[in-house]
Amino acid sequence: MAKDTERIEQEIEAARERLAGTLDEIAVRADPQRIAEGTKQLALAKVNEPKVKYTLIGVGVLAVGALLFKILR
C-alpha cells in the first residue's frame, strides 16, 4: 500500500512539473512584446519586397502628383 501511495505522489509531482513547464511556455508565447516584435518584423519584410516597395512608391508619387495638380490648377 505504501508503494502505491509513493507511486501516486511521484506521478502527481511529475504532472505538476509538466504543467509548470507548459504554463511557462504559454507565458513566453503569449508575451505581447514578443508578438508585437514578430508582427513588426513580418510587416517590414513584406514592405521590403521589391514588388510591394515599388508599388507603394508608385502610389505615393501618384498621390503627390494628384495633390500638386489640384493645387496648381
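Read-outs throughout are calculated quantities, based only on the coordinates presented, and are distinct from any laboratory measurement. Note that the structure is predicted; figures quoted are calculated from it, not measured.
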Query raised in the report: To the nearest 10 degrees, how steeply does helix 2-29 sit against the main Cα axis of the chain, on a 0 to 90 scale?
Result: 10
**Report entry** Surface/4 estimate of mean projected area, convex hull on alpha-carbon atoms of the chain, nm²
**Finding:** 8.0
